[in-house]
Amino acid sequence: DGILATTVGYTGGKPNAKAPTYDSVCYGRDWVEAVRVVYDDTIVSYDDVLHYFFETQKPALGSRQYASMIFTSGQEEEVAAQEWLENAISNDLVRQKDNLPASITQIEPLTTFYKAESFHQNYWPKRRVQFGIIALLLAGMSGAYDSLLGPLGEEMVHTVHTALEAVLEVGCVGLIAEKFLSKDVRELKDGEFIRLVSSEEGTR
């Protein structure tokens, strides 16, 4: 509660660096995958947001792309983040799921933030549905539903198998095309995301 909106993107690049893409982030060492958060500080504190980030992130040690990073916007946030991290380390805070310590977390000033491609937004919720559909199609192609289709005759069973194969092929092509055709990475200026969220809240 208190989190108004989030968007996935890339930041941490060098000044005047070329705008990133998912591939350049995956195969480079310059950018970090990040989440920009808009929250209501009358409901949730900055410390609460940082603690939630620490517990829910999926860091990869030795990777900059998936590093445990806090990007601060301005001196006030930097001081608050440093205080939170120092307290977390002094209190031996570790993640509940894997016991990784707070000391893995780094703090850097926020550089240009680029909103990631559309296909990368809400990535896993979308992919879970897609992978579930693929699993159902593969099950059908392997004969899992043949006992139900049997009364319709062998020709109908064959027709259903062929249709499932066609749907799977089209779906896979669509997934690949979505990645390569989605080129809508764009820079989010200071305050732009907050203004966008505020305007959406005002229209509800």
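The values are calculated or read from the model by the stated rules, or taken from the named source; none is laboratory data. These numbers were taken from a predicted model, which means no experiment stands behind them. Backbone-built Cβ (ideal geometry, glycine too); neighbour counts: all protein chains shown. Surface areas here come from the heavy atoms of the whole protein model, side chains and all, with no ligands, DNA or RNA. Shrake-Rupley method; radii C 1.70, N 1.55, O 1.52, S 1.80 Å.
What translational D, rounded to a whole number of µm²/s, comes out for region 42-89 from Stokes-Einstein when the hydrodynamic radius is the Kirkwood one over Cα pairs, at 4 °C and 1.567 mPa s?
So the translational diffusion coefficient is about 111 µm²/s.
Report the semi-axes of the equivalent ellipsoid for the chain in whole Å, largest first, where each axis is √(5λ) for an eigenvalue λ of the Cα gyration tensor.
For the chain, the semi-axes come out at 42, 20, 18 Å.
On a 0 to 90° scale, report how tilted helix 192-202 is relative to the longest principal axis of the chain, with both axes built from alpha carbons and the result rounded to the nearest 10.
Tilt of helix 192-202: around 70 degrees.
Dividing the Cα radius of gyration by the Kirkwood radius, what Rg/Rh value follows for region 69-185?
Result: Rg/Rh = 1.28.
Return the FRET efficiency for the residue pair residue 184, residue 148: r is the Cβ-Cβ distance, R0 is 35 Å, and the value is rounded to the nearest 0.05.
0.25
I'd like the Karplus ³J(HN,Hα) series for region 149-157: coefficients 6.51, -1.76, 1.60, θ = phi - 60°, whole numbers in Hz, and an x wherever there's a Gly or Pro.
With coefficients 6.51, -1.76 and 1.60, one gets 8, x, x, 7, x, 4, 5, 5, 4 Hz.
Search the structure for amide H atoms under 5 Å from the amide H of residue 116, placed 1.01 Å from N in the peptide plane, and list their residues when 5 or more places away or on another chain.
Hits under the 5 Å cutoff: 8, 9, 10.
Across region 8-121, what fraction of all alpha-carbon pairs, as a whole percent, falls in each successive 5 Å bin from zero upward?
2, 11, 21, 23, 20, 14, 7, 2
What lysines sit close enough to residue 189 to cross-link, taking a C-alpha to C-alpha distance under 17 Å and skipping anything fewer than 8 places away on the same chain?
Qualifying lysines at Cα under 17 Å: 14, 18, 115.
On average, how much area does the Cα convex hull of region 2-71 cover when viewed from any direction, in nm²?
Reported value for the Cα convex hull: 5.2 nm².
Rank these by accessible area, largest first, 1.4 Å probe: 72, 6.
Per-residue accessible area, sorted high to low, gives 6, 72.
Quick one: which residues, 5+ away or cross-chain, put their amide H under 5 Å from the amide H of residue 72? H built at 1.01 Å from N.
Residues meeting the criterion, in which the H sits 1.01 Å from N, are 108, 110.
Averaging sequence separations of C-alpha pairs under 8 Å and six or more residues apart, then dividing by the length of region 1-110, give the relative contact order as a whole percent.
Relative contact order for region 1-110 comes out at 26 percent.
How far is helix 75-90 tilted, in degrees, relative to the longest principal axis of the Cα atoms in the chain, given as a value from 0 to 90 rounded to the nearest 10?
Relative to the chain, helix 75-90 is tipped by roughly 80 degrees.
Run the Debye formula on the Cα coordinates of region 55-129, all scatterers equal and no solvent, and tell me log10 I(q)/I(0) at q = 0.13, 0.18, 0.19 1/Å.
Ignoring solvent entirely, the Cα scatterers give -0.52, -0.90, -0.97.
So what's the net charge close to residue 112: Lys and Arg +1, Asp and Glu -1, counting the other residues with Cβ under 15 Å from its Cβ?
Here the charged neighbours net out to 0.
If amide hydrogens are placed 1.01 Å from N in the peptide plane, which non-local residues have theirs closer than 5 Å to the one on residue 5?
38
Taking θ = phi - 60°, what integer Hz values does the Karplus form 6.51 cos²θ - 1.76 cosθ + 1.60 yield along region 55-61, in sequence order, with x for Gly and Pro?
6, 9, 5, 10, x, 10, 5
Using the Karplus curve 6.51 cos²θ - 1.76 cosθ + 1.60 with θ = phi - 60°, what ³J(HN,Hα) values do you get for each residue of region 45-51, in whole Hz, with x for Gly and Pro?
Those phi angles translate into 8, 4, 4, 5, 4, 5, 5 Hz.
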